[in-house]
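All remarks here apply to the structure that follows.
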Amino acid sequence: MTDPATYTPPKVWTWNKESGGRFASINRPIAGPTHDKELPVGRHPLQLYSLATPNGVKVTVMLEELLALGHKGAEYDAWLIKIDGNQFGSGFVAVNPNSKIPALMDRSGPKPIRVFESGAILMHLAEKFGALLPTDAAARAECLSWLFWQMGAAPYLGGGFGHFYAYAPTKIEYAIDRFAMEVKRQLDVLDRRLADNEYVAGCDYTIADIAIWPWYGSLAKGVLYGAAEFLSVQEYKNVQRWTDAIAKRPAVQRGRMVNRTWGEPSSQLHERHDAGDFETRTQDKLAASQAAAGA
């Protein structure tokens, strides 16, 4: 390994906003709002404020799965929150003081309930509708263990490996090696589990799969960080099988589209307010409509 430039930490750290890589302009060492901006509210009981990152996809997939199961109370409005400073608006910070997507306002009861952190949102919805979370004590414990495995593991994948491999302003061999090793260990944990189980928590599809798939399924298919070859993801055959099976689910396919602002225009549904929006309001349909109106 080549020797990195010598760095001696100062006695007191100070913020250098020019040294944060791709997201330097929006990262800061303090919390709270930077500007006043109220959030829109639609007509459905559930109001989601999000972006189709892996954490955002968890919740839109969950909501679409609940609707597919016949839970009409899971109808929702999904509002786009771009992580370009909008997450620091006063309205969003009131829903999520951590200024991260996704955030949910449940307005189905007499008093609105805010829920933030994707794992908490999945649990809230699973318990609210009695779905995708086992009730048997042992099965429930297994499901929640894997849910929280994802919550603890993904920062090593995203903020660790993803940052240093794809976003950092300089390539640091030690950092990339350290986090690549950990991500491959995580893939091995998941692959070994899926060798004997159809889904992560056992024989049933649960919120554990919904939480893990957007991160590790995307990684397994080379979508995340373009690191498929680097990490030899094809070696994890059981993860590949599981990833492909979940990707075929219609609710998963719909959930991936919501609040998406990249990729093919036909795959982007910036906001979702009705089930029919998947057929009429994707970016390709909106562009065609605008072109026809201008003709």
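The values are calculated or read from the model by the stated rules, or taken from the named source; none is laboratory data. Quick caveat, the model's predicted, so the values are computed rather than measured. Quick reminder, even Gly has a Cβ in these numbers, built from the backbone with ideal geometry, and neighbours come from all protein chains shown. Calculation scope for accessible area: heavy atoms of the full protein, side chains included, ligands and nucleic acids excluded. Shrake-Rupley method; radii C 1.70, N 1.55, O 1.52, S 1.80 Å.
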Checklist entry - Mind checking which helices in the chain clear 27 Å along their axis (Cα) and have mean Kyte-Doolittle hydropathy of -0.5 or more, DSSP H runs only? => result 137-155, 173-195
Checklist outcome for this item: Per residue, accessible area of the range 137-276 with a 1.4 Å probe, heavy atoms of protein chains only, in Å², comes to 46
Checklist entry - Can you tell which of Thr53, Thr14, Thr261 shows the greatest fluctuation in a Gaussian network model of the chain with Cα springs below 10 Å? => result Thr14
Checklist entry - Helix-derived [θ] at 222 nm for the chain: sum -39500 (n - 2.57) over DSSP H runs of at least 4, divide by residue count, nearest 500? => result -12500 deg cm²/dmol
Item to check | With every protein chain in place, the range 202-261: carbon and sulfur % of accessible area (1.4 Å) | outcome: 51
Checklist entry - GNM, the chain, Cα, under 10 Å: largest mean-square fluctuation among Gln234, Gln268, Gln87? => result Gln234
Checklist outcome for this item: Of all stretches in the chain that avoid GluC sites (Glu not before Pro) placed in a DSSP loop and having at most 10 other Cβ atoms within 10 Å, the longest is 39-295
Checklist entry - From the Cα gyration tensor of the range 226-280, with a ≥ b ≥ c the square roots of its eigenvalues, which class applies: rounded if a/c is under 1.5, or else prolate if a/b is larger than b/c, or else oblate? => result oblate
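May I ask for the percentage of alpha-carbon pairs in the range 22-175 that lie more than 27 Å from each other?
Across the range 22-175, Cα pairs with separations above 27 Å total 31 percent.
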Item to check | Surface share of carbon and sulfur [accessible, 1.4 angstrom probe, percent] for the range 115-173 | outcome: 62
Checklist entry - Rounded to the nearest 0.05, what FRET efficiency is calculated for Arg192 and His71 with R0 set to 25 Å and r the Cβ-Cβ distance? => result 0.15
Next on the checklist: If I compute Rg/Rh (Cα atoms, Kirkwood Rh) from the structure I just sent, which labelled value in (i) 0.98; (ii) 0.94; (iii) 1.17 lines up?
Outcome noted: (i)
Checklist entry - For the range 37-66 and the range 212-258, what is the separation of their Cα centres, given in Å? => result 21
Next on the checklist: Given a 1.4 Å probe and heavy atoms of the protein chains only, how would you sort Asp177, Asp188, Asp209, largest accessible area at the top?
Outcome noted: Asp177, Asp188, Asp209
Checklist entry - Magnitude of the Cβ-charge dipole of the range 141-295, K/R +1 and D/E -1, about the Cα centre, nearest 20 debye? => result 160
